[in-house]
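Data first, discussion second: the structure below is written as structure tokens.
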Amino acid sequence: MNYVDLSLVRKYDVSGPRYTSYPTALQFGELTESAYVAAIDRSPNRDKDISLYFHIPFCDTLCYYCACNKVVTRDKTKAEAYLKLLYREIELKAKYLGDRTVSQLHWGGGTPTFLSDEQIQRLMNKIREHFELWSDESGEFSIEIDPRTVDADRIHALRKAGFNRLSMGIQDFNPTVQKAVNRIQSFEATQAVVKAARDCGFRSTSVDLIYGLPFQTVESVNRTLDQIIELSPDRISIYNYAHLPDRFMPQKRINLVDLPTAENKLKILKLCIEKLTANNKYLYIGMDHFAKPGDELAIAQKEGTLHRNFQGYSTFSDRDLIAFGITGISFIGNVYAQNTKQLDEYERSIGMDRLPVEKGVVIDDDDLIRKAVIMALICHFKLEFAKVDERFGIEFTHYFKNELGHLRQFEEDDLLEVTSDGIYVNDKGRLLIRNICMSFDRHLKQVAGQRFSKAI
């Protein structure tokens with residue numbers, strides 16, 4: 001399949017949202033605790049199972065490329081104090097959520113494995129004290145790990161605690177690249193972690209890579225890809241490095257002259273997509289995600305049930321997402337709500353027995369329609385007008401007359417086809433799906449001064 005046309009990639013290489021939400025977080029404004037509670041009461045999903053997200057912000061080393069909200073420290077006592085705050089937030093939110101089962105659980109960061117095995121088990125026990133988790137066979141319980149902080153024994157401890165999916169950062173196996181970004185991680189240590197995960201029954205392993213890092217070349221990335229294919233993870237994400245040192249201070253330690261040129265960066269991206277999809281080793285799910293043909297992510301896309309949220313592509317949809325910890329973003333009914341980003345503010349709110357919500361947005365009817373359109377396109381690469389008309393009581397071709405006009409440029413470049421019954425994105429359009437979705441984003445002009453990552 002021809003996913004990459006470099007001339008078109010150059011043409012559409014602009015900044016834009018990743019659409020893990022719509023509206024995006026740039027539209028968030030002040031949101032009160034009472035609005036959060038009201039969202040739970042009004043949610044059309046209030047009788048369904050829920051997803052839970054826990055943000056563990058700590059890292060003991062600083063990766064220079066990182067743009068995450070984190071606390072870099074080697075002081076392990078900070079984790080214990082943070083856990084006590086998480087326990088209380090669980091108690092505060094559980095009383096509003098009632099007896100709802102949990103089908104999906106994800107721990108992100110930071111580095112959740114900054115916590116000790118005993119601390120991880122205690123937090124899982126606290127979650128189970130207030131929520132009933134689905135069975136191991138049905139539920140999806142995942143944790144992000146740093147392979148540098150775990151060994152086979154720790155992997156077995158995570159499985160015993162109840163996790164059945166692992167996600168790990170790799171970024172690149174080239175020693176020169178690793179030194180430049182301050183993340184030294186051997187292939188052998190990573191391989192041992194992957195093997196341990198399979199040996200103790202983890203249902204899925206996924207790895208993250210980054211293209212556009214200092215000293216990367218087509219040849220060096222090709223060697224890293226050979227090693228990734230040897231590891232044979234179930235899912236692979238390959239993210240574009242966005243060099244924004246004015247926004248993310250650690251990136252000031254990366255020299256601009258060491259980064260690959262824009263042209264070489266595109267060649268690296270082309271290599272990644274073509275090599276991973278060769279001989280059907282992995283399916284190109286979209287944007288920066290790949291999955292083995294038998295993986296649940298690939299199956300969900302084939303069956304039309306794929307979803308997208310703040311963790312990327314997901315097999316679970318139509319359920320409320322409740323977030324815990326600093327920066328965590330909940331999505332409840334038609335409300336996005338983000339916890340405070342600052343640890344001291346989080347501690348202050350919890351200490352007053354107040355939900356630590358800081359900002360968010362209540363989605364209006366128009367945004368609900370646009371959200372459905374964008375999610376259909378970014379997950380399934382097609383949209384049937386009749387389904388949107390029936391769900392929202394509109395006439396799509398009239399409601400989105402201007403937007404359909406904007407799509408003509410993509411038709412002319414053979415990225416998609418607009419027919420009398422829908423929009424159908426072709427293989428080359430998958431890589432540029434963010435650009436296509438931007439046609440339906442009514443907020444983009446309002447945030448023209450804001451800086452998104454490049455679409456490619």
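The values are calculated or read from the model by the stated rules, or taken from the named source; none is laboratory data. Keep in mind that what you see is a predicted model, and the values were worked out from it rather than measured. Cβ atoms come from the backbone with ideal geometry, glycine included; neighbour counts cover every protein chain shown.
Quick one: how many residues across segment 264-298 are free of Cβ contacts under 8 Å to residues at least 12 places away in the same chain and more than 21 Å from Leu225 (Cβ to Cβ)?
Counting residues in segment 264-298 that are free of Cβ contacts under 8 Å to residues at least 12 places away in the same chain and more than 21 Å from Leu225 (Cβ to Cβ) gives 0.
Note on segment 339-364: residues that are more than 17 Å from Asp318 (Cα to Cα) and not in a strand (DSSP E or B) amount to 18.
Filtering segment 269-324 down to residues that are over 23 Å from Ile50 (Cβ atoms) and of a type in the set (Asp, Glu), which residue is surrounded by the fewest Cβ atoms within 10 Å (Cβ to Cβ)? So the residue we want is Glu274.
Working only within segment 249-266, note down all residues that are within 24 Å of Tyr3 (Cα to Cα) and buried (at least 18 other Cβ atoms within 10 Å of the Cβ).
First, the residues of segment 249-266 that are within 24 Å of Tyr3 (Cα to Cα): 260-266.
Answer for segment 249-266, where residues must be within 24 Å of Tyr3 (Cα to Cα) and buried (at least 18 other Cβ atoms within 10 Å of the Cβ): Pro260, Lys265, Leu266.
Hey, can you tell me all the residues within segment 355-378 that are buried (at least 19 other Cβ atoms within 10 Å of the Cβ) and of a type in the set (Gly, Ala, Ser)? Listed by number, the residues that qualify are Gly360, Ala376.
For segment 213-236, a tally of residues being part of a loop (DSSP other than H, G, I, E, B) and either surrounded by 21 or more Cβ atoms within 10 Å (Cβ to Cβ) or out of contact with any helix residue (DSSP H, G or I) (no Cβ under 6 Å at 6 or more places or on another chain) (or both) returns 7. Tell me yes or no: at least one residue of segment 126-138 is modelled with pLDDT of 95 or more, under 18 Å from Gly328 (Cα atoms), in a strand (DSSP E or B) and not β-branched (Val, Ile, Thr). Scanning segment 126-138, I find no residue that is modelled with pLDDT of 95 or more, under 18 Å from Gly328 (Cα atoms), in a strand (DSSP E or B) and not β-branched (Val, Ile, Thr), so the answer is no.
This table checks each residue for (1) farther than 20 Å from Leu431 by Cβ; (2) under 24 Å from the mean Cα position of the chain (by Cα).
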residue: Val194; (1), (2): yes, yes
residue: Ala197; (1), (2): yes, yes
residue: Cys200; (1), (2): yes, no
residue: Leu209; (1), (2): no, yes
residue: Asn222; (1), (2): no, no
residue: Asp226; (1), (2): yes, no
residue: Ile229; (1), (2): yes, yes
residue: Ser237; (1), (2): no, yes
residue: Ala242; (1), (2): no, yes
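Is it the case, given these coordinates, that Gly98 is within 18 Å of Asp208 (Cβ to Cβ) and either in contact with a Phe, Trp or Tyr (Cβ under 7 Å, 6 or more places away or on another chain) or surrounded by fewer than 17 Cβ atoms within 10 Å (Cβ to Cβ) (or both)? It is false that Gly98 is within 18 Å of Asp208 (Cβ to Cβ) and either in contact with a Phe, Trp or Tyr (Cβ under 7 Å, 6 or more places away or on another chain) or surrounded by fewer than 17 Cβ atoms within 10 Å (Cβ to Cβ) (or both).
Kindly provide the set of residues from segment 33-49 that are surrounded by 13 or more Cβ atoms within 10 Å (Cβ to Cβ) and more than 25 Å from the chain's Cα centre (by Cα), ordered by number. Hits for segment 33-49 are Glu33, Ala35, Val37, Ala38. For Lys275, the criteria (1) under 21 Å from Asn2 (Cα atoms); (2) modelled with pLDDT under 95; (3) touching a helix residue (DSSP H, G or I) at 6+ places or on another chain (Cβ under 8 Å) hold in every case but one, which is (2).
Reported count of residues in segment 64-79, each being assigned to a helix (DSSP H, G or I), of a type outside the set (S, T, N, Q) and out of contact with any Ser or Thr (no Cβ under 9 Å at 6 or more places or on another chain), is 1.
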